[in-house]
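To keep things clear, I will list the structure first and then write my remarks on it.
Where a number appears in this text, it was derived from the coordinates with a stated rule and is not lab data. Note that the structure is a prediction, hence the values are computed from the model and not measured. Heads up, the Cβs are rebuilt from the backbone with ideal geometry, glycines too, and the neighbour counts pull from every protein chain shown.
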Amino acid sequence: MALESTTYIDGLVATNPTGTDSRSQGDDHIRLVKSAVKATFPNIAGAMTATHTELNKIDGYTGTTAELNYNDVPTLGTVEASRTVTADAVGTTTNLKTKKQTEIVNAVGTVSTATAINFALGNVVTAVLASGGSFTISNAPTSGIYGKFKLILTNGGTVADPWPSSVKFAGGTTPTLTTSGIDILTLETIDNGANWYAVVDGLNMS
């Protein structure tokens, strides 16, 4: 009798049994088919209702189980509740409309030496200027991208000119800030921080 030996269904021979095999030996073929089917699909305990078209959709899929189970866009890092806000690969958004906005505060602390304001850490900065302190600004947005930050500065008049040369005030004149109190300034750039255009929003906010 022509009886193949296999564990899984891909080893079954479609031409077996042959026409010369005894009918009484057919049970060996039936047992082999049943064994191969169970070994190939060990975890199927109910009706498989997916069609071949549906199963073929995942042919060649190389992602993880977790990625296959993503069922909402925010899981992938894009907010799309009303489909009016989308972002491309570099984070450019269109049709942005907000009702409530909050921002991370970059608390620099006491500045008594040359200290960097890291633009990447937040667009609202707090600092307390002490004798000997000065500022640099790092991680400005790339040229052609507008960026700004708000500086809430305590005792800014302690040092006459704590600013790097890239900070430009109106008329080229550095303002006199409050020695004991809070001043608020806005600094803006469009050229990767080569120039930070500074405006005093308020002095001695007491």
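Pull out all pairs, ordered by first then second residue, where Cβ-Cβ is under 9 Å, the residues are six or more apart or on different chains, the first lies in segment 21-46 and is closer than 17 Å to T7 by Cα, and the second is in a helix (DSSP H, G or I) and of a type in the set (A, V, I, L, M).
Every condition considered, the pairs that remain are V33/I9; A36/I9; V37/I9; A39/I9; T40/I9; F41/I9.
In segment 156-165, what residues are buried (at least 16 other Cβ atoms within 10 Å of the Cβ) and not polar (S, T, N, Q)? Don't jump to the end; show me each part of the working.
At the first step, the residues of segment 156-165 found to be buried (at least 16 other Cβ atoms within 10 Å of the Cβ) are 156-159, 162-163.
Of everything in segment 156-165, those that are buried (at least 16 other Cβ atoms within 10 Å of the Cβ) and not polar (S, T, N, Q) turn out to be G156, G157, V159, P162, W163.
Residues of segment 114-133 being outside any strand (DSSP E or B) and within 14 Å of L185 (Cα to Cα), which ones? Steps first, answer last, please.
So in segment 114-133, the residues outside any strand (DSSP E or B) come out as 119-123, 130-133.
Listed by number, the list holds a single entry, N123.
Filter segment 157-172 down to the residues that are small (G, A, S), closer than 20 Å to A130 by Cα and in a loop (DSSP other than H, G, I, E, B) and list them by number. Before the answer, list the steps.
First pass over segment 157-172, keeping only residues small (G, A, S): 157, 160, 165-166, 170-172.
Checking the rest, the ones that are also closer than 20 Å to A130 by Cα come to 157, 160, 165.
If the condition is that a residue be small (G, A, S), closer than 20 Å to A130 by Cα and in a loop (DSSP other than H, G, I, E, B), then A160, S165 are the ones that fit.
Any idea which of (1) among the acidic types (D, E); (2) assigned to a strand (DSSP E or B); (3) under 30 Å from T93 (Cα atoms); (4) touching a Gly at 6+ places or on another chain (Cβ under 7 Å) is the one E103 doesn't satisfy?
The failed condition is (2).
Which one is surrounded by the most Cβ atoms within 10 Å (Cβ to Cβ) among residues in segment 166-180 that are under 18 Å from A127 (Cα atoms) and out of contact with any Asp or Glu (no Cβ under 7 Å at 6 or more places or on another chain)?
The qualifying residue surrounded by the most Cβ atoms within 10 Å (Cβ to Cβ) is V167.
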